[in-house]
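Notes for the one structure printed next.
The values are calculated or read from the model by the stated rules, or taken from the named source; none is laboratory data. Here the structure is a predicted model, which is why all the values come from computation and not from measurement. Here Cβ is always computed from backbone atoms with ideal geometry, including for glycine, and neighbour counts include all displayed protein chains. Side chains included, ligands, DNA and RNA excluded: accessible areas come from the protein's heavy atoms. Shrake-Rupley method; radii C 1.70, N 1.55, O 1.52, S 1.80 Å.
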Amino acid sequence: MQRRGWIGIRLDDLGLPAALERCAADCRRRYALEIDVATHGLDAERLPPAVETAVYRIVQEALTNVARHAQAGTASVMIERRDGAVRAIVEDDGRGFDPEAAGKAEQRLGLYGIRERAELLGGRLTIESEPGRGASLFVEIPISDTLDPGAKASPAYA
């Protein structure tokens, strides 16, 4: 299955770590937000395409939410592949919110979309926040369950 569009070209050509760096650079320029990106365990082999796309879109939406709603000065993104799963953590030093009210489609479309993307791949979203204390989003997506039987991950990043 061929991915289309600008995002697909970025991921296909650059790989997830470089595409995330570009996404962070775009957000830095557009919103004057300090963003750190760290990736671990992604050098040996690529993630399945559906997982790469979901992680990229999740981080993109999370950073957009931080820029538009959090009134944050800094954000950090950490992506880690370990123990048959990929974990994405996006944290900010913004104004925070009540996680109990977050993620409902009618109230917070961005968080709802992040949760839905993760769950479609058998993953989950956990939100830690409280007013005045920033926010942390934790997404975990299993890798082995998302690969077709007999399919191999793409070769390592060039």
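Okay, here's what the table says:
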item: Peptides 67-73, 123-129, 55-61 ordered by average Cβ neighbours within 10 Å, highest first; result: 55-61, 123-129, 67-73
item: Inter-probe distance in nm under a simple model that places probes 7 Å from Cα toward Cβ, at Arg124 and Leu109; result: 2.8
item: Ala101/Arg28 FRET efficiency (R0 35 Å; Cβ-Cβ; nearest 0.05); result: 0.75
item: Contour minus Cα-Cα distance for Glu21 and Ala38 (0.36 nm per residue); result: 5.2 nm
item: Percentage, to the nearest whole number, of Cα pairs in the range 18-128 over 26 Å apart; result: 16
item: For the range 28-126: accessible area per residue (Å², 1.4 Å); result: 53
